[in-house]
1. Under 8 Å for C-alpha pairs, at least 6 residues apart: give me the relative contact order for the chain, rounded to a whole percent.
2. Can you compute the helix-only [θ] at 222 nm over the chain? Use -39500 (n - 2.57) per DSSP H run of at least 4 residues, normalise by all residues, nearest 500 deg cm²/dmol.
3. In degrees from 0 to 90, rounded to the nearest 10, what is the angle of the helix 483-494 Cα long axis to the longest principal axis of the chain?
4. Going by how many other beta carbons lie within 10 Å of each one, how would you line up MET390, MET651, MET40, fewest first?
5. Suppose R0 equals 51 Å. What FRET efficiency, 1/(1 + (r/R0)^6) with r the Cβ-Cβ distance, do LEU694 and SER526 give to the nearest 0.05?
6. Return the percentage of antiparallel bridges among DSSP beta bridges fully within the chain, rounded to the nearest 5 %.
7. Compute, for the range 607-723, the length of the dipole vector about the Cα centre, with Cβ point charges of +1 (Lys, Arg) and -1 (Asp, Glu) only. Units Debye, rounded to 20.
8. Kindly write out, for the range 579-594 in residue order, the coupling ³J(HN,Hα) from the Karplus curve 6.51 cos²θ - 1.76 cosθ + 1.60 (θ = phi - 60°), rounded to whole Hz, with x marking Gly and Pro.
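Every read-out reported here was derived from the displayed coordinates using simple, explicitly stated rules and does not represent laboratory data. All values derive from a computational prediction rather than experimental measurement. Heads up, the Cβs are rebuilt from the backbone with ideal geometry, glycines too, and the neighbour counts pull from every protein chain shown.
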Amino acid sequence: MLWCAALLAAAPSSEAGHEVPYYPSFYPQEIRIEPLDPAMAAKEFLNKTAPLNLYIGASPRFDAGVPSFLKSAQSLGAFIVASPGGQGRDGRCRALAFAAASLAKGPDTVAHAYPITPYHADYLGHVDRVPKTDGAIGAGPAGDVGIEEVSVGDVMRKAGVGAGIWLAPPSAKEGWFQAYHLLRSAVGGGDRGERADGLYERLLLGRFKDQAERLDLERALVAGLTEGCERGVIGYRVRGEVFSDDFSNGIENIATDSQWGFNAPIVVRTAKLKDFPWNGWLRVGMEGEARAAWNPVAGFTDAGGRLVWSTVGDDAYLPVTSNSRWVPNRAEVVPDEEERKPSRSIMVPADALMPQANGARLAPVGAGKGAMGKIIYRVSASAFQDGTEMEPADLLYPYVLAFRWGEGGPGRPTFDPYIAAATRLLRDRLAGVRVLRVDERELAIADLTFRYRSPVVEVHLNSLSADEDENALIAPPWSSVPWHVLALMEAAVERDIAAFSEGEAARRSIPWLDLVRDKGQLARLSALIAEFAKGGYRPAALEGLVSAEAATARWQALDKFMQANGHLLVTNGPYQLGSYTPQAYVFNVIRDFTYPVGIGTFDPFAYPARAIVTRIEPDQRRFLISADVEIAVKEQRSRRLTRQPLTHGLMRVIYPIQPIARYVVVGSDGKVAAAGSAKWETDGRFAAALPTGLSPGSYRLYAAIFADGNSIDPSIGSIAFEAK
């Protein structure tokens, strides 16, 4: 049975003589990415013929003043880290404090002696721990202090977070997660290191009973990483990026990510040019070339590669720009009618499938196997860009790939440490997967009818986090890359044509696998395609799912795609790589109605509102929180920032503002005594009941309001109180 979003009607309505109110994919009809240094980017913004619309990675460098039609956006760019040397603990701590107090401040540099910043969504739970850095400097350090700048991207890469078919860990944008990967190596072994590892594991796997315990674990982890002062964050650097707001040639709508800036998947999906309700040519400048190999298994690891994958790939979930959560893209969780919240082990159906023998085969789990719970997904299927249609094998083969190349350790012929790190949570927690049914829906537009098919897939997990949203991100049944392209890459690695990851390429002294830019590799891959087409090759794990005839058709389709396009970067994403030169990467939109995501889907993430706490006051056994809100009000093709009281019914363009009030109560002992949310009352204030069960003593409540989920650079109010 085919699972593609089958197109049953005639060609798109533009050929039928009338326009339609729904367009698949996203706004620009073409995205052109050009590596440019800041000086050249400045010149191209002033280009009268085809001006630059957007510059990613840095601020352009103008000889004169910055033109008024450029608008800026800020995000967390890097941590400024100090490493005192040759001193005892007290000396190291004094050296860190001196370095933080001495840090030269500027528009893009903030003194901040704590690894969790206002650009992290968990900042509210740590705000009381951030030291003041504006006091007297005192005596200087007795020894040398090494200062370095570590980009957020480098921290993510160290943590095994890249781009491609593997989702990042659910907590990748959290401050505690990045603090661990930034500072853990300086702690070394021993009790402190083991304790930090244990706390990290509990947070990563969601082993806490409530939000208060979670915050205490986070705070204990950061304390353990920093108490020895071997290495510490003394500040952070803000990344400034710009886009054109020119009335005709500028951008009308765009999102920006709190940590990735304009280099994030939702950014590409919200960018809309002013002169076009849809279509148009988006010209993007990028600081630096895309040097990492272009392969979706263990490539796309640099900033340029991330941008390319954000454009051509399409993950199951996408990171939300203004917090650390994720939004469904090609997979969504559907209600489980049988077991809502299992509290004990459940049985895995005997016909559920699991990779066996280190991924060499895919077989039923058999009777008598248990799991802690299950998640049911509805997948938005669609055709791949080589014309092949999504089948069960396309959803299942990434599981096989993860086990085949992530298990066994160094020395095993099919092992790559990058894949092992990227798939660790999936392999640890997957207990079985099976297809339940295929749902169908129809979309009627004028006299045209489009039918879409969505497989519903059940995934069993060995353990569950206390955070249900995070569970959904562990092992969703999805791949933006078809099984035959994944199998082709495997064969290339097994035959020493190339290696999946940069590290393995260096270790084995062979090229890093690239599906686009290495003509020598492409020639050898083309020969493999011909060989596989002749024999109807499919991996052993798929022999029960894919016939030799079906496999031959896949290889023939891939060969035609390569002959037509000159590369093998095949996905079912919203854009297809049209051409590549070192000077420009050009992507063409997919306006095929088999693509199930339409224009405007992610617009609510553009220009999020920001709440500002104005007052916290006690009222008998509760606290009342008042707030204003900053909203980017649309005026013709531009937006103007306004501030007004946060009240019910307030709109952001066409979207009602949805605020969530969070609070944290910290005792005089530094422990989190309570954490929760406040109710939005009819008068516009938020009411939080005084936590019960507090031991007598002094406490302080910290509160912030997140409008539309925007938890970045929060306005935090606080109030002290006594519990009797």
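1. Working: 1619 pairs, mean separation 125.7, N = 724.
Computed value for the chain: 17 percent relative contact order.
2. Numbers: 17 runs with 179 residues, N = 724.
Mean residue ellipticity at 222 nm (helix-derived): -7500 deg cm²/dmol.
3. The two axes meet at around 80 degrees.
4. On the way: MET390 25, MET651 11, MET40 16.
Ascending Cβ contact count within 10 Å gives the list MET651, MET40, MET390.
5. Details: r = 70 Å, r/R0 = 1.37.
Efficiency computed from Cβ-Cβ geometry: 0.15.
6. Values: 119 of 129 bridges.
Expressed as a percentage, antiparallel bridges in the chain total about 90.
7. Values: 15 positive and 11 negative charges, 74 e Å.
In debye, rounded to 20, the range 607-723 gives about 360.
8. For the range 579-594, the Karplus-derived couplings read 7, 9, 9, x, 8, 7, 10, 10, 10, 9, 5, 9, 9, 7, 6, 6 Hz, x marking Gly and Pro.
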